[in-house]
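**Q** My structure is below; once you've seen it, I'll send some questions.
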Amino acid sequence: MMTANVDLANPDLYINREISFLQFNRRVLEQAKNADVPLLERLRFLCITSSNLDEFFEIRVAGLKQRNALGSTQRGPDNLTPAEQLRAISAEAHDLVAEQYRVLNDILFPVLEQEGVRFLGSERWDKKQNRWLKRYFNYELEPILTPIGLDPAHPFPRLLNKNLTFIVTLEGKDAFGRSSGMAVLQAPRALPRVVRLPESDGTTIYELVFLSSIIHAYVDELFSGMRVTGCYQFRVTRNSDLFVDEEEVDDLLRAVEGELLSRRFGDAVRLELDEDCPADVAHFLQMQFNLGDDDVYRCDGPVNLMRLNTIPDEVARPDLKYAGFTPQTLSRIQRASDLFSAIREGDILLHHPFDSFLPVIDFLRQAASDPAVLSIRQTLYRTGADSAVVSALIEAARNGKEVLVVIELRARFDEAANIELATSLQEVGAQVVYGVVGFKTHAKMSMVIRREGKRLARYVHLGTGNYHMRTARLYTDYGLFTCDPKITEDVQRVFKQLTTMGSAGKLKKMLQAPFTLQSTMHRHIENEIATAEAGRPSRVIAKMNALIDPETIRVLYRASQAGVKVDLIVRGLCALRPGVKGVSENIRVISVIGRFLEHTRVFYFHNDGDPLVYISSADWMQRNFVDRVETCVPIEDRGLRDRLMDDVQLYLDDTAAWELKPEGGYERRKTGGKPLIAQEQLLETAR
């Protein structure tokens, strides 16, 4: 029954989104500690936490700093000001960074050494290795290193975002009598950050040396006649969020191109610094970047842990990595003469990476060469270099098909690649548009129009993830093939809406943000509330990457108060507090972190015994509901719906999942009996 007199806008009922992100990163870091995970994969998880933190500081912390500098006191659902959030982030992030280096130094390095993967500091180099590294420095490094002595003629240089740099302290005078006492040395980005020493005696031991160790050992050779008294690595992280004034811009492509140049030199937001750097040198660097003490992160090791991400690929030890697997191809696709005939037999649901992504590529390849195909329409958000999807679209355009591509130029950190893709497509005659100014096009749609006898038939693919071959092996995503006339008409209307100034009108089956997605999700939850209050069974299950939209959280709280059982599988950010007495006692939130990055969005409503199931490109975030073009499609085929919900049930039963507690922390499930790992079970089924 509904609990009276509970203020569902109470800030205590909402977890801060930034702290929630840092908690997610802690769960990823736990994978680096997990002895059940292959050793080199544990190293990769550590690198992921570093990469995640980079983007977090470049975008989220940078935005908060800007708002704080402008004196903003705007508060979110948790009622924290930007200044309060920055203080909370600093405390949590400093603790997280310290734990990263503890995991690296105390757990991973020793175990890697036992397995013959050794990271050698200069104190461990023998004479032979020292000679080899000295030659490497003289012939491979020194010619392209350019130290800059700091004096009135050589002010502190503008340093690239996240580039490995060294501050060198000096004594003595150079040939011109200068003695500034300090120099800055940037490591060119082309240099490898980890160098493998030559094998000796035919062993398969990997002996590795950090570039920073090599430069530190021989840096004195760069300053002839002077004495190096210290050499300390550091890295500055800058604001990397693009600003495009969409009310003023008249050419979005040119505007984004212009902003990309400024990203490399945005305002500093974080200074990562060698653990041994003296306080006076650290203070000097802080002054150069206008950063406070809270913005400095001391690193007991390489300042960019992400550089270790190449090691698992370079070390030929399959026994220390996840076992390979071959994604399955559904039998109906295998036996069909082409994908169009397979789709005509009925809807096809793919669950990547367990199901192969190749049918999605083949869908476009077959369309490109099929004489009956007249038109292809495609959205692209992230596709990757050398994209097979783009190659198929280029072939189609060359073959005289009408090809229309909606490219989202502002896909964060993929802007440059997307500009290049747009140019390649336009050069072969494809029509390229950039969506709707003010709204990111995040929908994942592909449509082929084919002449079949006297009619035009439409075939579509709708997905939860990007058209990207590599991430299709690393992320879990769903994709639906259908030729359902109502859904395909909806897709055509959405494409028309993206390319013209008109309205798509009311869609027949699909939901679309920013128009109907949020309101329909809320209406379905309200329906479950009414059903529960009438004493009948009710349930909501939602799987997504993030849940932070306050309006949706309030509706879910009301559902819990009415007695609706709510199961939420939220990989990352979650602002909702489950298990709060009188508010969310019927809500359970779990997070699954595993071999693959969980990326599917699935929404289930009991609907009085006639279940409604959707897959979507959208999370339950305000930006997805309001600021993006998103799609959400019902899964109506009973067999596909049952298969999809069987998958979801595996995640709900996952014995390694993390459960969110009312106070905002996460705990591993404590379950007895046989373990069940959802991703492993799905892999086994695929095998």
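**Q** Give 628, 638, 687 a once-over and let me know the one that is of a type in the set (D, E, K, R), closer than 22 Å to residue 478 by Cβ and modelled with pLDDT of 95 or more.
**A** Working: 628 fails: modelled with pLDDT of 95 or more; 687 fails: modelled with pLDDT of 95 or more.
After applying the criteria, what remains is 638.
**Q** Quick one: which strands (runs of 3 or more DSSP E) sit completely within the stretch 500-578 and have at least 2 residues that are surrounded by fewer than 19 Cβ atoms within 10 Å (Cβ to Cβ)?
**A** none
**Q** Any chance the stretch 195-205 includes a residue that's of a type in the set (Lys, Arg), surrounded by fewer than 14 Cβ atoms within 10 Å (Cβ to Cβ) and either touching a residue at least 60 places away in the same chain (Cβ under 8 Å) or touching a helix residue (DSSP H, G or I) at 6+ places or on another chain (Cβ under 6 Å) (or both)? Steps first, answer last, please.
**A** At the first step, the residues of the stretch 195-205 found to be of a type in the set (Lys, Arg) are 196.
From what is left, the residues that are surrounded by fewer than 14 Cβ atoms within 10 Å (Cβ to Cβ) are 196.
Subset that is either touching a residue at least 60 places away in the same chain (Cβ under 8 Å) or touching a helix residue (DSSP H, G or I) at 6+ places or on another chain (Cβ under 6 Å) (or both): 196.
Among the residues of the stretch 195-205, at least one is of a type in the set (Lys, Arg), surrounded by fewer than 14 Cβ atoms within 10 Å (Cβ to Cβ) and either touching a residue at least 60 places away in the same chain (Cβ under 8 Å) or touching a helix residue (DSSP H, G or I) at 6+ places or on another chain (Cβ under 6 Å) (or both), which makes the answer yes.
**Q** Residue check: is residue 287 open to solvent by 60 Å² or more (accessible area, probe 1.4 Å), assigned to a helix (DSSP H, G or I) and farther than 21 Å from residue 231 by Cβ?
**A** no
**Q** Let me ask another. Taking the stated definitions as given, is residue 268 open to solvent by 30 Å² or more (accessible area, probe 1.4 Å) and modelled with pLDDT of 90 or more?
**A** Judged against the criteria, residue 268 is not a match.
**Q** Cβ contacts < 7 Å: first residue over 14 Å from residue 423 (Cα atoms) and open to solvent by less than 30 Å² (accessible area, probe 1.4 Å), restricted to the stretch 385-405; second residue assigned to a loop (DSSP other than H, G, I, E, B) and of a type in the set (Ser, Thr, Tyr), any location; separation 6+ or different chain. Result?
**A** From the stretch 385-405, the pairs are 389/383; 389/467.
**Q** Oh, and also: Output the helices (runs of 4 or more DSSP H) that fall wholly within the stretch 1-86 and possess 1 or more residues being over 15 Å from the mean Cα position of the chain (by Cα) and farther than 26 Å from residue 315 by Cα, or say none.
**A** Ranges flagged: 17-33, 62-69.
**Q** Just give me the residues in the stretch 448-472 being touching a helix residue (DSSP H, G or I) at 6+ places or on another chain (Cβ under 6 Å) and among the hydroxyl-bearing types (Ser, Thr, Tyr), in sequence order.
**A** 459, 467
**Q** Which helices (runs of 4 or more DSSP H) sit wholly inside the stretch 329-373 and have at least 1 residues that are among the aromatic types (Phe, Trp, Tyr)? Write out each step before concluding.
**A** Numbers: elements: 331-335, 339-344, 358-369.
Fully inside the stretch 329-373 and qualifying: 339-344, 358-369.
**Q** In addition: What number of residues within the stretch 182-235 are within 32 Å of the chain's Cα centre (by Cα), over 20 Å from residue 311 (Cα atoms) and polar (S, T, N, Q)?
**A** So in the stretch 182-235, the residues within 32 Å of the chain's Cα centre (by Cα) come out as 185-196, 206-213, 232-235.
Narrowing the set further to residues that are over 20 Å from residue 311 (Cα atoms) leaves 185-186, 232-235.
Filter once more, so that each one left must be polar (S, T, N, Q): 186, 233.
Qualifying residue count, the stretch 182-235: 2.
**Q** Tell me the strands (runs of 3 or more DSSP E) entirely within the stretch 428-478 that contain at least 2 residues that are aromatic (Phe, Trp, Tyr) and either closer than 29 Å to residue 648 by Cβ or open to solvent by 40 Å² or more (accessible area, probe 1.4 Å) (or both). Even if it seems obvious, please write down each step before you answer.
**A** Working: elements: 431-433, 445-452, 455-463.
Output list is empty.
**Q** List the number of the failed condition for residue 420; all other conditions in (1) at pLDDT 95 or above; (2) in a helix (DSSP H, G or I) hold.
**A** Result: residue 420 passes all but (1).
**Q** Select from the stretch 656-687 the residues that are loosely packed, with under 13 Cβ neighbours inside 10 Å, farther than 22 Å from residue 21 by Cβ and among the small types (Gly, Ala, Ser) and list them in ascending order.
**A** Correct list: 672, 673.
The values are calculated or read from the model by the stated rules, or taken from the named source; none is laboratory data. Because the structure is a prediction, the values reported are computed rather than measured. All Cβ positions, glycine included, derive from the backbone under ideal geometry; neighbour counts span all protein chains shown. The protein model used for the area step is the full one, side chains on, heavy atoms only, and it has no ligands, DNA or RNA in it. Shrake-Rupley method; radii C 1.70, N 1.55, O 1.52, S 1.80 Å.
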